[in-house]
Amino acid sequence: MVTWERLGPRRLTALDALPGVALVLLTAVRTPAPLAVGLALLFGPPLAVRRRRPVPVLVVVAIAGSVAAAVGTAGEAVVFAIAYALWPVALSAPTRRAVSALAGVAAAVTAAAVVGATVPGLPVVPTPAGQESFAATPVPVLLYAATVLAGSWALARAVRARRRHAAQVAELRAGRAVAEERLRIARDIHDVVGHSLSLIAMKAAVANHLAESHPGQGRAALAAIERVSRTALDDVRVVLGALRDPADTAPSFTELDRLVGDVRAAGVTVDVDRAADLSRVPAAVRASAYRIAQEALTNVLRHAGPARCRLTVATEPGALSVAVVDDGRAGRGLGPGHGLRGMRERAAMHGGTLEAGRAPGGGFAVRARLPFTPAVPDDG
(Lines give C-alpha, C1' and ligand atoms only; values in the text may rest on other atoms or scores of the structure.)
Protein backbone atom coordinates (compact mmCIF):
# COMPACT_ATOMS: atom_id res chain seq x y z
CA MET A 1 0.00 0.00 0.00
CA VAL A 2 1.46 3.36 -1.10
CA THR A 3 1.22 6.23 1.39
CA TRP A 4 1.62 9.94 0.68
CA GLU A 5 4.80 10.09 2.76
CA ARG A 6 6.50 7.53 0.51
CA LEU A 7 6.08 9.69 -2.58
CA GLY A 8 8.85 12.08 -1.54
CA PRO A 9 8.76 15.87 -1.13
CA ARG A 10 9.19 16.67 -4.82
CA ARG A 11 6.31 14.49 -5.95
CA LEU A 12 4.11 15.82 -3.16
CA THR A 13 4.91 19.38 -4.19
CA ALA A 14 4.01 18.55 -7.78
CA LEU A 15 0.74 16.96 -6.69
CA ASP A 16 -0.17 19.95 -4.50
CA ALA A 17 0.64 22.32 -7.38
CA LEU A 18 -1.98 20.72 -9.61
CA PRO A 19 -5.00 22.00 -7.63
CA GLY A 20 -3.41 25.46 -7.53
CA VAL A 21 -3.09 25.48 -11.31
CA ALA A 22 -6.64 24.18 -11.66
CA LEU A 23 -7.99 26.98 -9.43
CA VAL A 24 -6.18 29.63 -11.47
CA LEU A 25 -7.69 28.19 -14.65
CA LEU A 26 -11.13 28.06 -13.01
CA THR A 27 -10.84 31.74 -12.11
CA ALA A 28 -9.75 32.62 -15.62
CA VAL A 29 -12.75 30.78 -17.05
CA ARG A 30 -15.36 32.08 -14.61
CA THR A 31 -14.09 35.69 -14.39
CA PRO A 32 -11.78 36.35 -17.35
CA ALA A 33 -10.43 39.69 -16.17
CA PRO A 34 -6.73 40.57 -15.72
CA LEU A 35 -7.29 41.61 -12.08
CA ALA A 36 -9.08 38.35 -11.26
CA VAL A 37 -6.39 36.23 -12.88
CA GLY A 38 -3.68 38.25 -11.17
CA LEU A 39 -5.24 37.71 -7.75
CA ALA A 40 -5.69 33.99 -8.56
CA LEU A 41 -1.96 33.82 -9.16
CA LEU A 42 -1.52 35.00 -5.56
CA PHE A 43 -3.71 32.37 -3.86
CA GLY A 44 -3.22 29.42 -6.29
CA PRO A 45 0.54 28.73 -6.68
CA PRO A 46 1.39 28.92 -2.90
CA LEU A 47 -0.65 25.73 -2.46
CA ALA A 48 2.29 23.80 -3.93
CA VAL A 49 4.19 24.19 -0.63
CA ARG A 50 1.26 23.86 1.75
CA ARG A 51 2.72 20.72 3.38
CA ARG A 52 6.12 22.27 4.05
CA ARG A 53 4.89 25.70 5.18
CA PRO A 54 1.26 25.14 6.22
CA VAL A 55 0.70 28.23 8.39
CA PRO A 56 2.37 30.84 6.11
CA VAL A 57 0.62 29.36 3.08
CA LEU A 58 -2.75 29.51 4.85
CA VAL A 59 -2.18 33.17 5.79
CA VAL A 60 -1.20 34.13 2.24
CA VAL A 61 -4.04 32.18 0.62
CA ALA A 62 -6.63 33.48 3.12
CA ILE A 63 -5.63 37.13 2.63
CA ALA A 64 -5.25 36.91 -1.15
CA GLY A 65 -8.43 34.88 -1.50
CA SER A 66 -10.45 37.25 0.67
CA VAL A 67 -9.30 40.25 -1.36
CA ALA A 68 -10.08 38.39 -4.57
CA ALA A 69 -13.55 37.50 -3.34
CA ALA A 70 -14.22 41.07 -2.27
CA VAL A 71 -13.33 42.49 -5.67
CA GLY A 72 -15.40 39.93 -7.56
CA THR A 73 -13.15 36.95 -8.40
CA ALA A 74 -14.84 33.54 -8.70
CA GLY A 75 -15.97 32.60 -5.20
CA GLU A 76 -15.72 28.83 -5.71
CA ALA A 77 -12.01 29.05 -6.53
CA VAL A 78 -11.35 31.16 -3.42
CA VAL A 79 -13.27 28.80 -1.14
CA PHE A 80 -11.57 25.70 -2.50
CA ALA A 81 -8.13 27.32 -2.25
CA ILE A 82 -8.62 28.30 1.39
CA ALA A 83 -10.07 24.88 2.27
CA TYR A 84 -7.10 23.18 0.59
CA ALA A 85 -4.66 25.39 2.50
CA LEU A 86 -6.54 24.84 5.78
CA TRP A 87 -6.25 21.04 5.61
CA PRO A 88 -2.55 20.60 6.57
CA VAL A 89 -2.88 23.11 9.41
CA ALA A 90 -5.89 21.32 10.88
CA LEU A 91 -4.15 17.98 10.30
CA SER A 92 -0.90 18.79 12.08
CA ALA A 93 -1.53 21.65 14.51
CA PRO A 94 -2.55 21.23 18.16
CA THR A 95 -6.22 21.72 18.90
CA ARG A 96 -5.96 25.34 20.08
CA ARG A 97 -3.92 26.42 17.06
CA ALA A 98 -6.20 24.51 14.68
CA VAL A 99 -9.28 26.20 16.14
CA SER A 100 -7.55 29.58 15.88
CA ALA A 101 -6.75 28.87 12.23
CA LEU A 102 -10.39 28.03 11.48
CA ALA A 103 -11.57 31.15 13.31
CA GLY A 104 -9.10 33.34 11.42
CA VAL A 105 -10.14 31.91 8.07
CA ALA A 106 -13.82 32.36 8.94
CA ALA A 107 -13.20 35.97 9.92
CA ALA A 108 -11.32 36.69 6.68
CA VAL A 109 -14.02 35.17 4.48
CA THR A 110 -16.80 36.92 6.41
CA ALA A 111 -14.99 40.23 6.12
CA ALA A 112 -14.64 39.68 2.37
CA ALA A 113 -18.37 39.00 2.10
CA VAL A 114 -19.30 42.09 4.11
CA VAL A 115 -16.90 44.35 2.23
CA GLY A 116 -17.98 43.00 -1.16
CA ALA A 117 -21.64 43.53 -0.33
CA THR A 118 -21.47 46.95 1.37
CA VAL A 119 -18.52 48.98 0.08
CA PRO A 120 -19.49 51.27 -2.83
CA GLY A 121 -17.68 50.49 -6.07
CA LEU A 122 -17.32 46.80 -5.32
CA PRO A 123 -17.10 44.38 -6.90
CA VAL A 124 -14.54 45.74 -9.33
CA VAL A 125 -15.00 42.68 -11.52
CA PRO A 126 -18.72 42.37 -12.33
CA THR A 127 -20.35 39.06 -11.57
CA PRO A 128 -21.51 37.29 -14.76
CA ALA A 129 -25.23 36.85 -15.08
CA GLY A 130 -26.57 33.74 -13.40
CA GLN A 131 -23.57 33.32 -11.05
CA GLU A 132 -23.63 33.73 -7.30
CA SER A 133 -21.06 35.90 -5.55
CA PHE A 134 -20.39 37.63 -2.24
CA ALA A 135 -21.75 40.83 -3.78
CA ALA A 136 -24.85 39.44 -5.48
CA THR A 137 -25.92 36.75 -2.99
CA PRO A 138 -23.76 37.20 0.13
CA VAL A 139 -25.73 34.99 2.55
CA PRO A 140 -25.99 31.80 0.43
CA VAL A 141 -22.36 32.11 -0.71
CA LEU A 142 -21.19 32.73 2.84
CA LEU A 143 -23.07 29.68 4.11
CA TYR A 144 -21.64 27.60 1.28
CA ALA A 145 -18.12 28.80 2.11
CA ALA A 146 -18.64 28.09 5.81
CA THR A 147 -19.81 24.56 5.02
CA VAL A 148 -16.81 23.78 2.80
CA LEU A 149 -14.26 25.26 5.20
CA ALA A 150 -15.77 23.64 8.29
CA GLY A 151 -15.99 20.32 6.46
CA SER A 152 -12.32 20.50 5.44
CA TRP A 153 -11.27 21.33 8.99
CA ALA A 154 -13.46 18.65 10.61
CA LEU A 155 -12.33 15.94 8.20
CA ALA A 156 -8.67 16.83 8.76
CA ARG A 157 -9.15 16.67 12.55
CA ALA A 158 -10.86 13.28 12.18
CA VAL A 159 -7.93 11.99 10.12
CA ARG A 160 -5.54 13.36 12.74
CA ALA A 161 -7.43 11.59 15.54
CA ARG A 162 -7.49 8.35 13.58
CA ARG A 163 -3.75 8.52 12.92
CA ARG A 164 -3.06 9.23 16.58
CA HIS A 165 -5.24 6.28 17.56
CA ALA A 166 -3.45 4.04 15.06
CA ALA A 167 -0.08 5.15 16.43
CA GLN A 168 -1.21 4.42 19.98
CA VAL A 169 -2.48 0.99 18.97
CA ALA A 170 0.82 0.27 17.20
CA GLU A 171 2.74 1.38 20.29
CA LEU A 172 0.61 -0.82 22.54
CA ARG A 173 1.05 -3.76 20.21
CA ALA A 174 4.81 -3.22 20.16
CA GLY A 175 4.89 -3.03 23.96
CA ARG A 176 2.78 -6.16 24.23
CA ALA A 177 5.05 -7.98 21.78
CA VAL A 178 8.09 -6.98 23.83
CA ALA A 179 6.43 -8.12 27.05
CA GLU A 180 5.39 -11.43 25.50
CA GLU A 181 8.90 -11.98 24.16
CA ARG A 182 10.41 -11.25 27.57
CA LEU A 183 7.93 -13.67 29.11
CA ARG A 184 8.78 -16.34 26.56
CA ILE A 185 12.50 -15.90 27.21
CA ALA A 186 11.92 -16.09 30.96
CA ARG A 187 9.92 -19.31 30.55
CA ASP A 188 12.55 -20.92 28.34
CA ILE A 189 15.44 -19.96 30.61
CA HIS A 190 13.53 -21.10 33.68
CA ASP A 191 12.64 -24.45 32.13
CA VAL A 192 16.10 -25.17 30.70
CA VAL A 193 18.26 -23.88 33.53
CA GLY A 194 15.92 -24.94 36.33
CA HIS A 195 15.68 -28.53 35.12
CA SER A 196 19.40 -28.92 34.53
CA LEU A 197 20.47 -27.24 37.76
CA SER A 198 18.11 -29.45 39.74
CA LEU A 199 19.76 -32.53 38.27
CA ILE A 200 23.24 -31.13 38.81
CA ALA A 201 22.49 -30.22 42.42
CA MET A 202 21.21 -33.71 43.21
CA LYS A 203 24.13 -35.43 41.51
CA ALA A 204 26.60 -33.08 43.21
CA ALA A 205 25.11 -33.99 46.58
CA VAL A 206 25.45 -37.69 45.74
CA ALA A 207 29.03 -37.26 44.56
CA ASN A 208 29.95 -35.32 47.69
CA HIS A 209 28.38 -37.95 49.93
CA LEU A 210 29.95 -40.95 48.19
CA ALA A 211 33.30 -39.47 47.18
CA GLU A 212 35.23 -41.27 49.93
CA SER A 213 33.08 -44.28 50.86
CA HIS A 214 32.10 -45.29 47.32
CA PRO A 215 34.50 -43.63 44.87
CA GLY A 216 33.03 -45.46 41.88
CA GLN A 217 29.52 -44.15 42.50
CA GLY A 218 30.93 -40.71 43.20
CA ARG A 219 32.74 -40.69 39.85
CA ALA A 220 29.53 -41.87 38.14
CA ALA A 221 27.68 -38.95 39.71
CA LEU A 222 30.39 -36.53 38.51
CA ALA A 223 30.12 -38.04 35.03
CA ALA A 224 26.37 -37.46 35.14
CA ILE A 225 26.98 -33.86 36.21
CA GLU A 226 29.29 -33.38 33.23
CA ARG A 227 26.73 -34.88 30.82
CA VAL A 228 23.85 -32.82 32.20
CA SER A 229 25.97 -29.66 32.11
CA ARG A 230 26.79 -30.20 28.44
CA THR A 231 23.14 -30.86 27.68
CA ALA A 232 22.14 -27.71 29.55
CA LEU A 233 24.68 -25.72 27.57
CA ASP A 234 23.22 -27.05 24.32
CA ASP A 235 19.71 -26.16 25.50
CA VAL A 236 20.78 -22.63 26.42
CA ARG A 237 22.32 -22.27 22.97
CA VAL A 238 18.99 -23.30 21.43
CA VAL A 239 17.18 -20.66 23.50
CA LEU A 240 19.69 -17.97 22.57
CA GLY A 241 19.57 -19.06 18.94
CA ALA A 242 15.81 -18.60 18.96
CA LEU A 243 16.36 -14.98 20.05
CA ARG A 244 18.42 -14.37 16.92
CA ASP A 245 16.21 -16.46 14.64
CA PRO A 246 12.69 -17.39 15.82
CA ALA A 247 12.66 -20.13 13.19
CA ASP A 248 15.39 -22.05 15.01
CA THR A 249 14.54 -25.61 15.96
CA ALA A 250 12.52 -25.79 19.19
CA PRO A 251 12.66 -28.78 21.56
CA SER A 252 10.09 -31.48 20.84
CA PHE A 253 9.15 -34.94 21.97
CA THR A 254 12.08 -36.36 20.01
CA GLU A 255 14.12 -35.41 23.11
CA LEU A 256 11.70 -36.98 25.57
CA ASP A 257 13.80 -40.14 26.05
CA ARG A 258 16.80 -38.07 27.08
CA LEU A 259 14.67 -36.06 29.49
CA VAL A 260 13.25 -39.18 31.11
CA GLY A 261 16.71 -40.72 31.28
CA ASP A 262 18.09 -37.71 33.15
CA VAL A 263 15.26 -37.83 35.69
CA ARG A 264 15.72 -41.55 36.20
CA ALA A 265 19.45 -41.04 36.69
CA ALA A 266 18.62 -38.59 39.48
CA GLY A 267 16.80 -41.32 41.41
CA VAL A 268 13.17 -40.95 40.35
CA THR A 269 11.39 -43.92 38.82
CA VAL A 270 9.55 -42.76 35.72
CA ASP A 271 6.96 -44.84 33.91
CA VAL A 272 6.19 -43.59 30.44
CA ASP A 273 2.90 -44.13 28.65
CA ARG A 274 3.40 -42.71 25.19
CA ALA A 275 1.35 -44.44 22.55
CA ALA A 276 0.24 -41.20 20.91
CA ASP A 277 0.83 -40.42 17.24
CA LEU A 278 2.31 -36.93 17.18
CA SER A 279 2.81 -36.67 13.43
CA ARG A 280 -0.18 -34.36 12.98
CA VAL A 281 0.49 -32.25 16.08
CA PRO A 282 1.98 -28.85 15.14
CA ALA A 283 5.59 -28.27 16.19
CA ALA A 284 4.71 -25.33 18.45
CA VAL A 285 2.22 -27.46 20.40
CA ARG A 286 4.74 -30.28 20.73
CA ALA A 287 7.38 -27.85 21.99
CA SER A 288 5.03 -26.43 24.63
CA ALA A 289 3.98 -29.93 25.71
CA TYR A 290 7.63 -30.94 26.02
CA ARG A 291 8.39 -27.92 28.21
CA ILE A 292 5.38 -28.65 30.40
CA ALA A 293 6.53 -32.25 30.84
CA GLN A 294 10.06 -31.06 31.57
CA GLU A 295 8.94 -28.62 34.24
CA ALA A 296 6.56 -31.14 35.82
CA LEU A 297 9.35 -33.75 36.05
CA THR A 298 11.68 -31.10 37.46
CA ASN A 299 9.12 -30.35 40.17
CA VAL A 300 9.04 -34.05 41.03
CA LEU A 301 12.81 -33.94 41.48
CA ARG A 302 12.66 -30.83 43.62
CA HIS A 303 9.69 -31.49 45.83
CA ALA A 304 8.55 -35.11 45.81
CA GLY A 305 11.59 -36.71 47.38
CA PRO A 306 12.25 -40.38 46.50
CA ALA A 307 9.24 -41.00 44.33
CA ARG A 308 7.72 -42.80 41.41
CA CYS A 309 5.86 -40.94 38.71
CA ARG A 310 4.03 -41.65 35.50
CA LEU A 311 4.35 -39.52 32.38
CA THR A 312 1.42 -39.89 30.01
CA VAL A 313 1.26 -38.44 26.51
CA ALA A 314 -1.99 -38.90 24.62
CA THR A 315 -3.81 -37.44 21.66
CA GLU A 316 -7.48 -37.06 21.00
CA PRO A 317 -9.28 -35.36 18.11
CA GLY A 318 -7.90 -31.82 18.10
CA ALA A 319 -5.93 -31.92 21.37
CA LEU A 320 -2.67 -33.19 22.90
CA SER A 321 -2.73 -34.19 26.56
CA VAL A 322 0.26 -34.43 28.90
CA ALA A 323 0.09 -35.67 32.50
CA VAL A 324 2.74 -36.19 35.18
CA VAL A 325 1.48 -37.85 38.37
CA ASP A 326 3.80 -38.81 41.25
CA ASP A 327 3.34 -40.60 44.55
CA GLY A 328 5.73 -38.39 46.51
CA ARG A 329 5.09 -36.20 49.50
CA ALA A 330 1.51 -35.08 49.18
CA GLY A 331 1.95 -32.26 51.64
CA ARG A 332 4.59 -30.37 49.70
CA GLY A 333 4.05 -26.69 49.00
CA LEU A 334 1.55 -25.72 46.36
CA GLY A 335 2.49 -22.06 46.10
CA PRO A 336 2.15 -20.37 42.70
CA GLY A 337 5.83 -20.44 41.74
CA HIS A 338 7.36 -19.58 38.38
CA GLY A 339 7.17 -23.22 37.25
CA LEU A 340 3.40 -23.64 37.58
CA ARG A 341 2.78 -20.17 36.22
CA GLY A 342 5.02 -20.87 33.22
CA MET A 343 3.23 -24.16 32.51
CA ARG A 344 -0.15 -22.43 32.62
CA GLU A 345 1.11 -19.71 30.29
CA ARG A 346 2.37 -22.28 27.82
CA ALA A 347 -0.99 -24.05 27.84
CA ALA A 348 -2.85 -20.74 27.50
CA MET A 349 -0.81 -19.82 24.41
CA HIS A 350 -2.66 -22.56 22.53
CA GLY A 351 -6.04 -21.98 24.18
CA GLY A 352 -5.49 -24.96 26.46
CA THR A 353 -5.79 -25.63 30.16
CA LEU A 354 -3.52 -26.91 32.90
CA GLU A 355 -4.56 -28.40 36.22
CA ALA A 356 -2.08 -28.92 39.04
CA GLY A 357 -2.74 -30.13 42.56
CA ARG A 358 -2.72 -33.01 44.99
CA ALA A 359 -3.59 -36.36 43.48
CA PRO A 360 -6.52 -38.28 45.07
CA GLY A 361 -4.29 -41.15 46.25
CA GLY A 362 -1.47 -38.89 47.45
CA GLY A 363 1.33 -37.23 45.59
CA PHE A 364 0.95 -34.48 43.02
CA ALA A 365 -0.57 -34.34 39.53
CA VAL A 366 -0.04 -32.01 36.60
CA ARG A 367 -2.42 -32.42 33.65
CA ALA A 368 -2.35 -30.23 30.55
CA ARG A 369 -4.58 -30.23 27.49
CA LEU A 370 -3.42 -28.33 24.41
CA PRO A 371 -5.92 -27.93 21.53
CA PHE A 372 -4.55 -27.79 17.99
CA THR A 373 -5.51 -27.88 14.35
CA PRO A 374 -4.03 -31.03 12.75
CA ALA A 375 -0.94 -30.31 10.70
CA VAL A 376 0.44 -32.11 7.66
CA PRO A 377 2.15 -35.32 8.85
CA ASP A 378 5.92 -35.09 9.28
CA ASP A 379 8.74 -37.00 10.89
CA GLY A 380 8.69 -35.09 14.23
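The values are calculated or read from the model by the stated rules, or taken from the named source; none is laboratory data. Model, not experiment: these values are computed from the prediction. Cβ atoms come from the backbone with ideal geometry, glycine included; neighbour counts cover every protein chain shown. Please note that ligands, DNA and RNA were not included when accessible areas were found on the heavy atoms of the full protein model with its side chains. Shrake-Rupley method; radii C 1.70, N 1.55, O 1.52, S 1.80 Å.
If I take R0 = 41 Å and measure r between the Cβ atoms of Leu155 and Leu35 in this structure, what FRET efficiency does the formula 1/(1 + (r/R0)^6) give, to the nearest 0.05? Step by step, r from the Cβ atoms, then E = 0.80. Between Ala314 and Ala275, the contour length at 0.36 nm per residue exceeds the alpha carbon distance by 13.4 nm. Label point 7 Å out from Ser213 along Cα-to-Cβ: which residues of the stretch 259-293 have amide N under 20 Å? In the stretch 259-293, the label zone of Ser213 (backbone N under 20 Å from the point 7 Å along Cα→Cβ) covers 266-268. The slack between Ala170 and Leu222, meaning 0.36 nm per residue of separation minus the straight C-alpha distance, is 13.5 nm.
Cβ-Cβ distance of Arg96 and Arg341, R₀ of 41 Å, FRET efficiency by 1/(1 + (r/R0)^6): the value works out to about 0.30. Extension gain, Val119 to Glu180: 0.36 nm times the residue separation minus the Cα-Cα distance gives 15.0 nm. The mean accessible area for residues of the stretch 17-166, using a 1.4 Å probe and ignoring ligands and nucleic acids, is 49 Å² per residue. At an R0 of 56 angstrom, the distance between the Cβ atoms of Ala359 and Arg10 translates into a FRET efficiency of 0.15. On the protein heavy atoms, probe 1.4 angstrom, tell me the percent of accessible surface of the stretch 1-84 carried by carbon and sulfur. Carbon and sulfur atoms account for 74 percent of the accessible area of the stretch 1-84. With every protein chain in place and a 1.4 angstrom probe, the accessible-area ranking of Phe80, Phe43, largest first, reads Phe80, Phe43.
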